[in-house]
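Enquirer: Before I ask anything, let me first share the structure, which is written out below as structure tokens.
The values are calculated or read from the model by the stated rules, or taken from the named source; none is laboratory data. Fair warning: this is a prediction, and the values are worked out from it, not measured in the lab. As a convention, Cβ positions derive from the backbone with ideal geometry for all residues, glycine included, and neighbour counts pool all protein chains shown. Ligands, DNA and RNA are excluded from the accessible area calculation, which covers all protein heavy atoms including side chains. Shrake-Rupley method; radii C 1.70, N 1.55, O 1.52, S 1.80 Å.
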Amino acid sequence: MSKPLIFVTGNANKLREVKAILSQGAHPIDLESQDLDVPEIQGTTEEVAKAKCRAAAELVGGPCLTEDTALCYVALKGLPGPYIKHFMQTIGHEGLNTLLDGFSTREAWSLCTFAYSAGPGTEPIIFEGRTDGTIVPARGPKVFGWDAVFQPAGFDQTYAEMDSVEKNQISHRGKALAKLREFLQSQVTDS
């Protein structure tokens with residue numbers, strides 16, 4: 001790539017996770033980050049991710065990555081979904097639990113959608129990862145979004161209670177980034 005790959009985020013925790021995962025493998029992917037004000041449309045996770053990535057590619061004038069994370073409740077037919085950031089800011093961890101009071105299930109899934117653009121005018125490519133789990137009362141450090149209330153299926157810890165290596169191996173973000181890393185590394189070996 002002639003221009004550096006830019007990851008559009010202002011979230012230091014997210015940046016740290018992405019860098020850790022993309023640095024793995026035979027051809028580590030190096031990236032820079034920029035905190036840009038990119039409009040977020042309403043729609044499906046894929047629609048939101050593609051629109052955000054198109055706008056970011058225009059702003060950076062080159063290759064870029066954007067990411068959208070969704071927390072989807074089975075009882076609410078996938079909501080709050082891509083709007084989880086607003087829900088988290090408005091009602092917090094306790095409110096995320098209260099939303100499910102009265103429902104027969106607290107099952108949920110976390111979904112991460114990365115969009116990659118080779119630059120302005122190119123159609124973004126989507127990479128998604130999903131992890132099923134359950135919404136639980138907040139446990140662990142409450143420093144990274146809703147990690148403290150999401151307990152992945154088959155584990156007795158929330159994302160917040162896990163060490164970063166374990167979380168990155170099973171998380172929605174880790175799964176999406178594994179697909180993205182494979183794609184990006186294939187571009188390096190094909191050139």
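Enquirer: In the full protein assembly as shown, how much of Thr122 is accessible to a 1.4 Å probe, in Å² to the nearest 10?
Expert: Result for Thr122: roughly 60 Å² accessible.
Enquirer: Apply the Karplus parameterisation 6.51 cos²θ - 1.76 cosθ + 1.60, with θ equal to phi minus 60°, to every residue of segment 24-39 and state each ³J(HN,Hα) to the nearest whole Hz, in sequence, with x for glycine and proline.
Expert: 7, x, 5, 10, x, 9, 9, 9, 10, 10, 9, 9, 10, 8, 10, x
Enquirer: At 0.36 nm per residue, and after removing the present C-alpha to C-alpha distance, how many nm does the segment from Asp101 to Phe183 gain when stretched out fully?
Expert: Working: separation 82, 0.36 × 82 = 29.52 nm, distance 4.13 nm.
Between Asp101 and Phe183, full extension yields an extra 25.4 nm.
Enquirer: Looking at this model, which pairs from Lys14/Lys142; Lys14/Lys77; Lys14/Lys175; Lys19/Lys142; Lys19/Lys77 are more than 23 angstrom apart at the alpha-carbon?
Expert: Values: Lys14/Lys142 14 Å; Lys14/Lys77 26 Å; Lys14/Lys175 14 Å; Lys19/Lys142 21 Å; Lys19/Lys77 32 Å.
Cα-Cα > 23 Å for Lys14/Lys77; Lys19/Lys77; rest within.
Enquirer: Let me ask something additional. So how strong a dipole does the chain carry about its Cα centre when Lys and Arg Cβ are +1 and Asp and Glu Cβ are -1, to the nearest 20 debye? Walk me through the numbers on the way to the answer.
Expert: Working: 18 positive and 24 negative charges, 6 e Å.
Here the size comes out at about 40 debye.
Enquirer: What does the accessible area of Arg139 come to, in Å² to the nearest 10, when a probe of 1.4 Å is used?
Expert: That residue has around 70 Å² of solvent-accessible surface.
Enquirer: Further, regarding this structure: Straight-line reach from Lys52: which aspartates and glutamates have Cα under 16 Å away, leaving out those fewer than 8 places along the same chain?
Expert: Asp35, Asp37, Glu40, Glu67, Asp68, Glu123, Glu128
Enquirer: Assuming R0 = 30 Å, what is the FRET efficiency of Asp156 and Gln24, from their Cβ-Cβ distance, to the nearest 0.05? Walk me through the numbers on the way to the answer.
Expert: Details: r = 26 Å, r/R0 = 0.87.
It comes out at approximately 0.70.
Enquirer: Still on this structure: At 1.4 Å probe radius, can you tell me the per residue accessible area of the chain in Å²? Display every interim value, and only then the final one.
Expert: Values: 9410 Å² over 191 residues.
The answer is 49 Å² per residue.
Enquirer: Label points 7 Å out from Cα along the Cβ direction at Asp35 and Asn11: separation in nm?
Expert: It is 1.4 nm.
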